[in-house]
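Below: the structure, in C-alpha cells.
All of the numbers you see were taken from the coordinates with simple rules; none came from a lab. Treat the numbers as computed from the prediction; the structure is a model and nothing was measured. Don't worry about glycine lacking a Cβ; one is built from the backbone with ideal geometry, like all the others, and counts go over all protein chains shown.
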Amino acid sequence: MFRFALIGLIFAAITQMSDADEKTLSFSTVFKGTAQFDQLKKTAYANHWAELPIGKRTVAVGKALVGTPYESFTLEIDDHIEAPSVNLLGLDCWTFFEISLAFARMLDDPKEQHTPQRLLHYIELDRYRDGKCDGQYLSRLHYLEDWLWDNHQRQLVRDITKDLGGIRAPVRAKEMTIGWKGYRYLRNNTELIPQLAKHEKRIEQLPTYYIPRQRVRQIEDKLQDGDIIGVFSKAANGKVSTSHVGLAYRDSAGVLRFMHATTQKDYGRQVAIDSRLSSYINRFSHQAGILVARPLR
C-alpha cells in the first residue's frame with residue numbers, strides 16, 4: 001500500500017510540475033526588443049539618468065522611445081495565460097508610459113540587475129492588482145481608473161487630480177464587456193465576462209476625479225516632468241471614461257507638452273512629443289479632461 005501511495009504522490013508532483021510549465025510563456029513571447037533594451041541601457045549610463053528624480057528619469061526614457069511605432073493589442077499575447085510582458089518594437093499609449101516608468105524604476109537597482117527579467121518585475125509591480133500577476137487575465141488592471149486607485153493605495157504614485165482642483169468624475173466603465181470580441185483573452189475565455197462586469201461596476205464607484213478640459217491650461221504650471229496624464233473622453237448619459245494616456249514633458253522653453261504613443265497620422269503613428277497639453281486636450285471635441293498621477297518611486 002505504501003508503494004502505491006508513494007507512486008501516487010510522485011505522479012501528483014509530476015502533474016503539478018507539468019501544470020506549472022504549461023502556465024509559463026516563453027521569453028520570446030513575453031519580451032520583444034532585446035537590442036532596443038540594450039541601447040536604452042547604454043544611453044541611460046552615458047547620460048547618468050539614474051541621478052535624476054523619478055519624474056525626469058521617466059521623461060528621459062520616454063524621449064529615448066520617441067519614434068517607436070504605434071502597435072495595438074501588444075498585451076494580448078496568449079489565448080489563456082496572462083503574464084507580464086514588454087514589447088519595445090511597438091508601443092501603445094499604455095505600454096509607452098508604463099515601460100518608461102518601469103525602466104526608470106529599474107535604474108535604482110545595481111547595474112548587474114538591469115536585465116529584461118528585472119524590467120518585467122517592475123512591469124508586474126505596476127500593471128497588476130496589488131503588484132502581482134497570478135496568471136489570470138483579471139489580475140491585470142485593465143482600466144486606468146482602477147490602475148490609479150491601486151497604484152495610489154500602494155504609494156507607487158500619488159493621485160494629485162483633486163489637489164489640482166479636479167471634480168468627481170461620473171465614470172462609465174463598460175468598454176471591455178461591450179466590446180469583448182475585440183480582446184483575444186475574452187474571446188477565448190467568455191466565462192470571464194461576468195466577472196469583468198463586476199470589476200467594471202466597482203470601478204464606476206471609485207472616487208475618481210478629473211480636471212475638465214477648460215481648466216487644463218490653468219494648472220499646467222503645477223505639473224512636472226513624468227506626471228502621468230490620463231485623458232477622459234465623453235461617454236453616454238453625461239459620463240466620462242479614460243481613453244488615452246501619456247506623460248507630461250516640460251520642454252526647454254518651459255512649455256508643458258504631452259508625450260504619448262499616438263495613432264495620429266500627422267505624428268507618424270508612433271511615440272511623439274505632441275503640442276502643449278491644453279492645446280492637445282482641446283484639439284478633439286470628444287475629450288473631456290484629464291487625471292494626473294505623480295510617480296513617487
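Spin-label model, T190/T43: points 7 Å from Cα along the beta carbon direction are separated by 4.5 nm. When Rg and Dmax are taken over the Cα atoms of the chain, they come to 20.6, 81 Å.
Got the relative contact order for the range 34-162 handy, in percent, Cα pairs under 8 Å and 6 or more residues apart? List each step's numbers first, then the result.
Values: 125 pairs, mean separation 28.2, N = 129.
After rounding, I find 22 percent.
Extension gain for A50-L206 works out to 52.7 nm (0.36 nm per residue, less the C-alpha to C-alpha distance).
One chain, two ends: K265 and V66. Fully extended at 0.36 nm per residue, the span grows by 70.2 nm beyond their Cα-Cα distance. May I ask you to list the residues of the range 101-129 whose amide nitrogen lies under 16 Å from a point 7 Å from Cα along the Cα→beta-carbon direction of Q36? Correct set: 101-104, 116-117, 119-120, 123. In the structure shown, the pairs K32/K174; K162/K239; K42/K265; K181/K265; K162/K201; K162/K222 are assessed against 20 Å; a Cα-Cα span above that value is assigned to K32/K174; K42/K265; K181/K265; K162/K201.
The range 43-84: which chymotrypsin sites (Phe, Trp or Tyr not before Pro) are DSSP loop and have at most 13 other beta-carbon atoms within 10 angstrom? Intermediate values should be presented prior to the final figure.
Numbers: sites: Y45, W49, Y70, F73; in loops: F73.
Listed in order of number, the matching sites are F73.
When its C-alpha radius of gyration is set against 2.2 N^0.38 Å (N residues), the range 17-115 gives a value of 1.17. Measuring from centroid to centroid over Cα atoms, what is the spacing of the range 76-118 and the range 155-201 in Å? Cα centroid to Cα centroid, the span is 21 Å.
For the pair K111 and N282, label points projected 7 Å from Cα toward Cβ lie 4.8 nm apart. Placing unit charges on the Cβ atoms only, positive for Lys and Arg and negative for Asp and Glu, gives the chain a dipole magnitude near 900 debye about its Cα centre.
Counting other Cβ atoms within 10 Å of each Cβ, which chymotrypsin sites (Phe, Trp or Tyr not before Pro) in the range 227-297 have at most 16 and sit in a DSSP loop?
Numbers: sites: F232, Y249, F258, Y267, Y280, F284; in loops: F284.
Those that pass, being in a loop and sparsely packed, are F284.
For a test of the definition: using alpha carbon positions, the gyration tensor, and the 1.5 limit on a/c, classify the range 143-297 as rounded, prolate or oblate. Since a/c reaches 1.5 and a/b is larger than b/c, the shape of the range 143-297 is classed as prolate. Net length available on complete extension from Q214 to A197 is 2.9 nm, with 0.36 nm assigned per residue and the Cα-Cα distance removed. Under the definition of Cα pairs under 8 Å and six or more residues apart, what whole-number percent is the relative contact order of the chain? It comes to 21 percent, rounded to a whole number.
Looking at the chain alone, DSSP beta bridges between its own residues are antiparallel in about 90 percent of cases. With helices as the sole contributors, the chain gives -11500 deg cm²/dmol at 222 nm; each DSSP H run of n ≥ 4 counts as -39500 (n - 2.57), and the sum is divided by every residue.
Within 10 Å of each candidate Cβ there may be at most 13 other Cβ atoms; applying that plus a DSSP loop requirement, which trypsin sites (Lys or Arg not before Pro) in the range 68-149 survive? Display every interim value, and only then the final one.
Values: sites: R105, K111, R118, R127, R129, K132, R140; in loops: K132.
Sites meeting the loop and neighbour criteria: K132.
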